[in-house]
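Take a look at the structure set out below.
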Amino acid sequence: FRAGTILDEEMLEEFEGRLIRSDMGVEAADEIVAELRKKFLGRTVDPPAVAETVNAKLRDLLTGSAGTGTGLAEPAGVEEENPDPLARLTVNPLGPTVVLVSGVNGVGKTTSIAKLAKLLTDAGRTVVLAAGDTFRAAAVEQLTTWAGRIGCEIVTGEMNSDPASVAHRGAVRAKELGADVLILDTAGRLQTQTNLMNELAKIRRVVGKQIEGAPHESLLVIDATTGQNGLSQAEKFSEAAGCTGILLSKLDGSAKGGVVIPIRRRMNIPVKFVGLGEGLDDLAVFEPAKFVRALEI
Ligand code: GDP
């Protein structure tokens, strides 16, 4: 919007197109444009005021303080104030906090698990990994290598063995060690979707029997470069995995990851972490204000 011009419907329409191209979806774009129309239509454009309205609305959409009305909004400012990664997770006060991680192959799941383990270890927590993707030898090897570098324990199983049994042994081991966090890797073969969903449900049942309330957190890894496809992935996984958070990977490239906005809006799943590269230290807790700035709308 150019300063000094009068804001009209045509400009709003053009702007809505730009919003939609950022993968945030039509509904969120409509909401933002409605707000601009209400506040500024027919008035002289003041770019900073328009930008602040758009950014505030985007932050609301991301923190759940707008739209969904399901009452799961995070307290204002929590993202900016608390850098402790554990503060982003629903913590089990009685024993290991169990974090289930799901996502389709290639999104960066294995790498993200290692990065999360590193982030938690750096924050002084003891972490156990369970390599539940028993269908991919390379993923297990990769995760074992990362675990060695981080210095955390990893539980693995035979190739093609039941992922739930690896999760079960992981839970037993995490309790024995008095670990703070158990992170469960899972398979991501989308071609056998029914099996995968049954597998996730079984893993949840099995760890729930070992550790009260487990899994306490269920993170779905979404690749920022997949665009709108991320929304259908979230729809598919949210039920079987009971997703409580998104880990948005590959945000270091040109992709802006706008798809997390409709995911939050429709399913009320908040973003908790972002992946910012291929290295072990390239994971950060999600900061809505920073994310909104990077959208560059
Ligand atoms: P998985 O199949 O989902 O387990 O995916 P991987 O963890 O094996 O990652 C797939 C590819 O994405 C690898 O080349 C990773 O290095 C890369 N990757 C993972 N996370 C990120 C990230 O945050 N940024 C970038 N640039 N690459 C990533």
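In segment 39-48, is there at least one residue being within 16 Å of the ligand (Cβ to nearest atom), at pLDDT 95 or above, more than 18 Å from the chain's Cα centre (by Cα) and assigned to a loop (DSSP other than H, G, I, E, B)?
Scanning segment 39-48 turns up no residue that is within 16 Å of the ligand (Cβ to nearest atom), at pLDDT 95 or above, more than 18 Å from the chain's Cα centre (by Cα) and assigned to a loop (DSSP other than H, G, I, E, B).
Quick one: which residue in A174, A214 is open to solvent by less than 60 Å² (accessible area, probe 1.4 Å), assigned to a helix (DSSP H, G or I) and under 18 Å from A117 (Cβ atoms)?
Only one candidate passes the filter, namely A174.
In segment 1-21, what count of residues is obtained for those that are in contact with a helix residue (DSSP H, G or I) (Cβ under 6 Å, 6 or more places away or on another chain), under 26 Å from T225 (Cα atoms) and not acidic (D, E)?
2
Hey, does segment 90-102 have a residue that's within 14 Å of the ligand (Cβ to nearest atom), surrounded by fewer than 18 Cβ atoms within 10 Å (Cβ to Cβ) and closer than 28 Å to G227 by Cα? Please lay out each step first, then the result.
Just the residues of segment 90-102 that are within 14 Å of the ligand (Cβ to nearest atom), to begin with: 101-102.
Applying the additional criterion that residues be surrounded by fewer than 18 Cβ atoms within 10 Å (Cβ to Cβ) yields none.
No, the conditions are met nowhere in segment 90-102.
Hey, among the residues in segment 159-187 that are closer than 24 Å to G106 by Cβ and among the acidic types (D, E), which one's nearest to the chain's Cα centre (by Cα)?
Here the residue is D185.
For E79, work out the one condition from (1) open to solvent by less than 20 Å² (accessible area, probe 1.4 Å); (2) assigned to a helix (DSSP H, G or I); (3) modelled with pLDDT of 95 or more it doesn't fulfil.
Answer for E79: the failing condition is (3).
Cβ contacts < 9 Å: first residue farther than 14 Å from D8 by Cβ, restricted to segment 25-42; second residue open to solvent by 70 Å² or more (accessible area, probe 1.4 Å), any location; separation 6+ or different chain. Result?
G25/Q228; G25/R266; E27/R266; A29/R18
Could you look through segment 21-44, keep only residues that are of a type in the set (A, V, I, L, M, F, W, C) and buried (at least 17 other Cβ atoms within 10 Å of the Cβ), and pick out the one that is farthest from A294 (Cα to Cα)?
F40
Whether any residue in segment 115-131 is outside any loop (DSSP other than H, G, I, E, B), touching a Pro at 6+ places or on another chain (Cβ under 6 Å) and farther than 20 Å from E199 by Cα is what I want to check.
yes
In segment 111-124, is there at least one residue being at pLDDT 95 or above, more than 16 Å from the ligand (Cβ to nearest atom) and open to solvent by less than 20 Å² (accessible area, probe 1.4 Å)?
yes
Test R189 against the stated conditions and say whether it is surrounded by fewer than 18 Cβ atoms within 10 Å (Cβ to Cβ) and basic (K, R).
Criteria met by R189.
The rows are residues; the columns are (1) within 14 Å of M24 (Cα to Cα); (2) without any contact (Cβ under 8 Å) to a residue 12 or more places away in the chain.
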residue: K202; (1), (2): no, no
residue: V207; (1), (2): no, no
residue: S232; (1), (2): yes, yes
residue: C243; (1), (2): no, no
residue: I246; (1), (2): no, no
residue: D252; (1), (2): no, no
residue: K256; (1), (2): yes, no
residue: R266; (1), (2): yes, no
residue: G277; (1), (2): no, no
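Given the conditions (1) touching a residue at least 60 places away in the same chain (Cβ under 8 Å); (2) not in a loop (DSSP other than H, G, I, E, B), and given that N105 satisfies all but one, which numbered condition is not satisfied?
(2)
P85 - would you say it is within 16 Å of the ligand (Cβ to nearest atom) and modelled with pLDDT under 90?
Criteria met by P85.
From V207, V166, grab the single residue that is of a type outside the set (S, T, N, Q), more than 16 Å from the ligand (Cβ to nearest atom) and buried (at least 21 other Cβ atoms within 10 Å of the Cβ).
V207
Only one of these is part of a loop (DSSP other than H, G, I, E, B) and more than 11 Å from T97 (Cα to Cα): T186, T192. Name it.
Being part of a loop (DSSP other than H, G, I, E, B) and more than 11 Å from T97 (Cα to Cα) holds for just one of T186, T192, which is T186.
Residue check, R149 against (1) farther than 15 Å from V98 by Cα; (2) surrounded by 13 or more Cβ atoms within 10 Å (Cβ to Cβ); (3) touching a helix residue (DSSP H, G or I) at 6+ places or on another chain (Cβ under 9 Å), all met but one. Which one?
The number of the failed condition is (2).
The values are calculated or read from the model by the stated rules, or taken from the named source; none is laboratory data. These numbers were taken from a predicted model, which means no experiment stands behind them. With ideal geometry, Cβ positions are generated from the backbone for all residues, glycine too; neighbour counts draw on all protein chains shown. In case anyone asks, the SASA skips ligands and DNA or RNA and just uses the protein heavy atoms, side chains included. Shrake-Rupley method; radii C 1.70, N 1.55, O 1.52, S 1.80 Å.
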